[in-house]
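The values are calculated or read from the model by the stated rules, or taken from the named source; none is laboratory data. From a predicted model like this one, the values you see are computed outputs, not experimental measurements. As a convention, Cβ positions derive from the backbone with ideal geometry for all residues, glycine included, and neighbour counts pool all protein chains shown. Accessible surface areas use protein heavy atoms only, side chains included; no ligands, DNA or RNA. Shrake-Rupley method; radii C 1.70, N 1.55, O 1.52, S 1.80 Å.
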Amino acid sequence: MRYFATIDTNVLVSALLNAESIPGKVVQEALAGNIIPLYNDEILREYNEVLRRIKFRFKREIIELTVDAIIKRGFAVDAGPIEDVLPDPKDVVFYAVTLEQKKQDDAYLVTGNIKHFPKVNFVVTPREMLDIIENERNE
């Protein structure tokens, strides 16, 4: 089974810092096609801006390969406004894209900052996303 998921930028950062980490495994699942990344132009801009921060020292080629892979394997979603108020305005787009996709399919928001979002069953940590995939494989 494949899963639609909006991948928060913090998950990408963690994955690029350590490919063997839990977030790294989530990104590997996306690259393998088991997770279909959801995105829009605003999310792609944030990915590019954050991943290019000097403090991370990510190579330009790695950033481009990662973002290009998300575009190639992912699904663009136009999201409208949401009613929920989130602590960080930059998180709204990730939540809105997920909500929009949920109108048609199951979709998840994978984040390392779970407390920045409403407590709903589709906002999950990277570990929880891997558990969902693993449980399906074992059924």
Original post:
List, please: which pairs have Cβ atoms under 8 Å, are six or more places apart or on different chains, and start with a residue in segment 96-110 that is under 17 Å from residue 41 (Cβ atoms) and in contact (Cβ under 8 Å) with a residue 12 or more places away in the chain and end with one that is of a type in the set (Val, Ile, Thr) and in a helix (DSSP H, G or I)?
Top reply: 97/43
Subject >> helices (runs of 4 or more DSSP H) enclosed by segment 23-132 - at least 2 residues per element that are open to solvent by 30 Å² or more (accessible area, probe 1.4 Å), farther than 14 Å from residue 4 by Cα and not aromatic (Phe, Trp, Tyr) >> reply: 41-51, 60-73
Subject >> Matching residues, segment 91-139, being farther than 20 Å from residue 27 by Cβ and charged (D, E, K, R) >> reply: 100, 102, 103, 105, 115, 119, 139
Original post:
residue 4: of a type outside the set (Asp, Glu), surrounded by 11 or more Cβ atoms within 10 Å (Cβ to Cβ) and farther than 19 Å from residue 131 by Cβ, yes or no?
Top reply: no
Subject >> Total residues in segment 114-135, condition under 18 Å from residue 14 (Cβ atoms) and touching a Leu at 6+ places or on another chain (Cβ under 9 Å) >> reply: 4
Original post:
If you take the residues in segment 12-22 that are open to solvent by 20 Å² or more (accessible area, probe 1.4 Å) and under 14 Å from the mean Cα position of the chain (by Cα), which one is nearest to residue 95 (Cα to Cα)?
Top reply: 14
